[in-house]
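Below is one structure, written out as structure tokens, with a few remarks after it.
The values are calculated or read from the model by the stated rules, or taken from the named source; none is laboratory data. Because the structure is a prediction, the values reported are computed rather than measured. With ideal geometry, Cβ positions are generated from the backbone for all residues, glycine too; neighbour counts draw on all protein chains shown.
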Amino acid sequence: MQAETQTMSCAGAAIQVRDLRVAYGGTPVLHGVSLDFAPGTFTALLGSSGCGKTTLLRSLCGFVPVTSGAILVGNRDVAPLPPEKRGMAMVFQSYALWPHMTVLQNMGYGLRLRGKPKAEIVAKVAALLAMLGLTGYEERKVTALSGGQRQRVALGRALAIDPGILLLDEPLSNLDAKIRMTMRHEIRAIQQRLGVTAIHVTHDREEAMTMADRLVIMQAGRVAQVGSPEEVYDRPASAFVANFMGAENVLPLHVERTGAGTAITAGGAVVHLTNRDAPAHPTGEAVAYFRDDVASLDAPDADPRGDLLVPGLIVARSYPGGLYRYRVEAAGRQITVDDATRHEPGVAVSLRIPTERLHIFPAAEAALAA
Amino acid sequence: MSLSQRQLALLLIAPGLALVAALFLYPLCFSLISAFTDPDGGFSLQAFAKAYELYSGDIFFTVVIVVTSCALTALVAVAIAGTLTLGENPWIVGTLRALYRWPLFIPFIVAAQCMRTFLAKNGLMNNTFVSLGLMEPLQAVSYLDWRGIIATFVWKQTPFVALLLAGALAALDRATLEAGRNLGASRLRVLIELALPQVLPTLLVALVLSFVTMLSVLSVPMMVAGSQPTMLTVDMAFRINAYGDYATANALGVITYLISAGAAILYLRHGMTKETAS
């Protein structure tokens, strides 16, 4: 298999997107997006519905006309070119296989368009099928394949033309959970083996984190943050990114500079931090975002030991497995907390929140994100 | 209870059934029997022999006219439906979409009359060419012959075929067409190699229906091309109106049935090979 794949080389191409603007019938959808995609990288475009991630992908491959801006592939602006002249291969959410053709005809179509001899097409498709674990499927009708097999054929069809750039438009959304997991690893492994530049659109956070080297979080037609999965997860650049990456608990705070450092007040609790611990928190009214697993429950009179200890009341309890999940009312908000010990609803507790795991943003910015 | 319900059901469909029997089945059987009966009342193929002797040329002419018209209709309809589906110029697509259906609402007899004034020797088309200086008046020829019939049929049936075809193309998963362009196919190749094969059954149904319609039109061959050779509908009308010769007219009718059955069989056979293949 290794020998077969060595005959395929899809040296990845670099893409530079410069101030890209797209509008649908006068309504702006992308407001000047600028991004760089290095050769051979796997980038995930992540965002909620309507954020413009699919529009960005479709404008890259030429299905959506660009209002202004440039798409540079190898220093050539491809924005004015029709889709067939851009040399980018796309894998579609609906597979988009041609039902009147066999697997061989589907996968060999791009090569046939390039005038390759039949023997070469057959050999290339056989090698790709071997790589995708579908050896001997050449003469099958695509309508006789399962969802996972169809998506493999669609991937093979895109890879057959040795594209420098592979565009993936939510290719795993139509698959069931188990096959989706397998396909994540397969697509990632194939991308790394071939060295192709991949851009993957998804609204599934975990999928983006596990597959990509780099995440691009999009919000309302703009890039909200670009970074490695760790950067985006641990150091979100905005309240929106923090919330989108799963820090769904919101705690209103007051941050004040004191002589020795910073004082953070929340729901009657105060914690004093030295300047080393609280490097650049915004001062004044602020909002902290944190994940369910960051806080824990403690006794109302427990020792803070440097953590923020907010008094609260347990409102509800559920057991999703492993840990108990509590809804706690604290500082006027409902906060979700996972904790190993069992408490009864109605009990007064305090929320222990390590301050270094809070994502703190000015209150005005948080209002915008909401 | 169930028996009385069955009787009630029969009673309910009886008027419709009677209507079909009286207005369709009876005349059909009558003309079939009449085609195979000699003047003395016995079985004979005499009417067919006469029909063949007098009108074999017209049978051939009819088949050629209808097949050619169907082929041209398919070509123009594919061009229109393809432009509507894959066209990128909104002005062209919008204009075409607004205009292409109009001939659907014009009866054959009116279409034939329009073509008479358009295609005649001193008709609108030749006059326009002359006034544009593209042609000398002496060069003008009349197109009111087989070419006129084909032009009328194609003009009248194209919207129908294009309507069905555009509907089927619009129902396709657009990603299958985008995938083709993404891999490097031009719009024409996408239409011919990827879109049309997916809607071929619809195109065939539309063409078979058009084939049968064209076979049964009397007004167009009568008005557009009066002279010999002509189509079988005109011959049938002539046998009945001029000679009261129902036997020969019915024999020509049976031949028309057989020609349309041929088209239907071609369609069914295609459907069956497709089913066994998939």
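Table for the structure above
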| quantity | calculated |
| --- | --- |
| Lone qualifier among A:VAL328, A:VAL310, A:VAL255 - being in a strand (DSSP E or B), in contact with a strand residue (DSSP E or B) (Cβ under 8 Å, 6 or more places away or on another chain) and more than 14 Å from A:ARG352 (Cα to Cα) | A:VAL255 |
| Selection status of B:ALA195, aliphatic (A, V, I, L, M), more than 14 Å from chain A (Cβ to nearest Cβ) and in a helix (DSSP H, G or I) | no |
| Selection from segment A:127-155 of residues that are among the β-branched types (Val, Ile, Thr) and in contact (Cβ under 8 Å) with a residue 60 or more places away in the chain | none |
| Of all residues in segment B:210-244 being over 27 Å from B:SER34 (Cβ atoms) and crowded, with 17+ Cβ neighbours inside 10 Å, the one that is modelled with the highest pLDDT | B:SER210 |
| Residue selected from segment A:36-54 under the condition buried (at least 21 other Cβ atoms within 10 Å of the Cβ) and in contact with a Phe, Trp or Tyr (Cβ under 9 Å, 6 or more places away or on another chain), by the criterion nearest to the other protein chains (Cβ to nearest Cβ) | A:THR43 |
| In segment A:55-88, the residues that are facing chain B (nearest Cβ under 9 Å) and in a helix (DSSP H, G or I) | A:ARG58, A:CYS61, A:PRO83, A:GLU84, A:LYS85 |
| Qualifying residue in segment B:149-161 (condition: more than 30 Å from B:GLU193 (Cα to Cα), without any contact (Cβ under 8 Å) to a residue 40 or more places away in the chain and aliphatic (A, V, I, L, M)) | no |
| Hits in segment B:204-256 - residues which are among the hydroxyl-bearing types (Ser, Thr, Tyr) and either outside any loop (DSSP other than H, G, I, E, B) or farther than 25 Å from B:LEU144 by Cβ (or both) | B:SER210, B:THR213, B:SER219, B:THR233, B:TYR243, B:TYR246, B:THR248, B:THR256 |
| Residue in segment B:173-184 that is at positive phi, within 14 Å of chain A (Cβ to nearest Cβ) and outside any helix (DSSP H, G or I) present | yes |
| Meets criteria (surrounded by fewer than 17 Cβ atoms within 10 Å (Cβ to Cβ), of a type in the set (A, V, I, L, M, F, W, C) and either part of a strand (DSSP E or B) or at pLDDT below 95 (or both)) for A:ALA23 | no |
| Some residue of segment A:89-101 being touching a helix residue (DSSP H, G or I) at 6+ places or on another chain (Cβ under 6 Å), within 7 Å of chain B (Cβ to nearest Cβ), closer than 19 Å to A:ASP169 by Cα and part of a strand (DSSP E or B) | yes |
| Within segment A:102-123, considering residues that are under 14 Å from A:ILE161 (Cα atoms) and not in a helix (DSSP H, G or I), the one farthest from the other protein chains (Cβ to nearest Cβ) | A:PRO117 |
| Count - residues of segment A:124-143 that are surrounded by fewer than 17 Cβ atoms within 10 Å (Cβ to Cβ) and within 14 Å of chain B (Cβ to nearest Cβ) | 4 |
